[in-house]
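**Q** Okay, handing you the structure first.
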Amino acid sequence: MNLNEATGENLNYIFSKLQERLQVVNTAILDPDNYNIQQYDDIKEIYDYVEGNDNISVKEMDALVSELGRIKTQSS
């Protein structure tokens, strides 16, 4: 899978992995249908950060979810 391409399938995959890694209980927060594909690069940057770090603190998780919420708001 080439995640460098901004596709709906890639966005779904990224959000699936982010939900897992950020331990999101309310998965509606990271529903890919609520995000615009035009924000793909920002979302992918967060995904790359999460995948590149084995130990993400709770504070970092909260900050990343907040940032995704900000991106979601911009997409609306």
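**Q** Using the charge dipole of the chain (Lys, Arg: +1 at Cβ; Asp, Glu: -1 at Cβ; taken about the Cα centre), state which of A63, V50, S16 has its Cα farthest towards the positive end.
**A** A63
**Q** Which of the three applies to segment 1-40, rounded, prolate or oblate, going by the alpha-carbon gyration tensor with a ≥ b ≥ c and a/c under 1.5 meaning rounded? The partial results should precede the final answer.
**A** On the way: a/c = 2.78, a/b = 1.51, b/c = 1.84.
Note, shape of segment 1-40 comes out oblate.
**Q** How much length would be gained if the chain were fully extended between I29 and T7, taking 0.36 nm per residue of separation minus their Cα-Cα distance, in nm to one decimal?
**A** Result: 5.9 nm gained on full extension.
**Q** Let me ask something else. Helix-only estimate, please: 222 nm mean residue ellipticity of the chain, summing -39500 (n - 2.57) across DSSP H runs of length 4 or more and dividing by its residues, to the nearest 500.
**A** -19500 deg cm²/dmol
**Q** Additional query: What GluC sites (Glu not before Pro) does the chain have in DSSP loop regions with at most 16 other beta carbons within 10 Å?
**A** Values: sites: E5, E9, E20, E45, E51, E60, E67; in loops: E5.
Sites meeting the loop and neighbour criteria: E5.
**Q** What does the charge count near V24 come to, summing +1 for each Lys or Arg and -1 for each Asp or Glu among other residues with Cβ under 14 Å from its Cβ?
**A** Counting the neighbours of V24, the net charge comes to -2.
**Q** Same structure again: Extending each Cα 7 Å along its Cβ direction at E20 and S66, get the distance between those two points in nm, one decimal.
**A** The answer from the label model is 2.7 nm.
**Q** Shifting gears a bit: Nothing charged except the Cβ atoms of Lys and Arg (+1) and of Asp and Glu (-1): what's the magnitude of the dipole of segment 34-76 about its Cα centre? Round to the nearest 20 debye.
**A** Charge dipole, segment 34-76, about its Cα centre: 240 debye, nearest 20.
**Q** Given charges of +1 on the Cβ of Lys and Arg and -1 on the Cβ of Asp and Glu, with all other atoms neutral, how large is the dipole of the chain about its Cα centre, in debye to the nearest 20? Mind dumping the intermediate values first?
**A** Details: 6 positive and 14 negative charges, 41 e Å.
I would put it at about 200 debye.
**Q** Pop out the ³J(HN,Hα) list for segment 29-39 in order, Karplus 6.51 cos²θ - 1.76 cosθ + 1.60 with θ = phi - 60°, rounded to Hz; leave Gly and Pro as x.
**A** 4, 10, 7, x, 5, 8, 10, 8, 4, 5, 8
**Q** Around D41, with a cut-off of 12 angstrom between Cβ atoms, what is the net charge of the other residues, counting Lys and Arg +1 and Asp and Glu -1?
**A** -3
We did not get these values from a lab; they are worked out from the coordinates using the rules stated. Quantities reported herein were computed from a predicted structural model and do not represent experimental measurements. All Cβ positions, glycine included, derive from the backbone under ideal geometry; neighbour counts span all protein chains shown.
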